[in-house]
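Just so it is clear, none of the values below were taken in a lab; they were calculated from the coordinates. The structure presented is a predicted model; accordingly, all values stated were derived computationally and were not measured. Please note: Cβ atoms are built from the backbone with ideal geometry, for glycine as well, and neighbour counts cover all protein chains shown.
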Amino acid sequence: MVMTGNGIAGIGSNVLRAISLVVFQEDPDHPNNLFYSALFNAIFGSVIFCICGICIIFLEKSPYAKYYLSDQARRLSATEVLEA
């Protein structure tokens, strides 16, 4: 269960690579297809990276995250551990 994220990421990257190989097939008439495939993967990864960054910014501003990242929530959880 711990490695589920790594497995999904591996499957996703292999599927993306397979799609890019189908779309940008090796062709003697178009020698830059492998470059375009690599460029597509880099741009796709950059877009996902930017989306994650934007989500983190909005998450840190949400009331839920503000509460659980506050010092009061940390103190409450520490006292609960000590009482148990």
Once both label points are put 7 Å beyond Cα along the C-beta direction, the Leu21-Phe58 separation in nm becomes 3.5
Cα-based Rg/(2.2 N^0.38 Å) for the stretch 4-83, rounded to two decimals, is 1.86
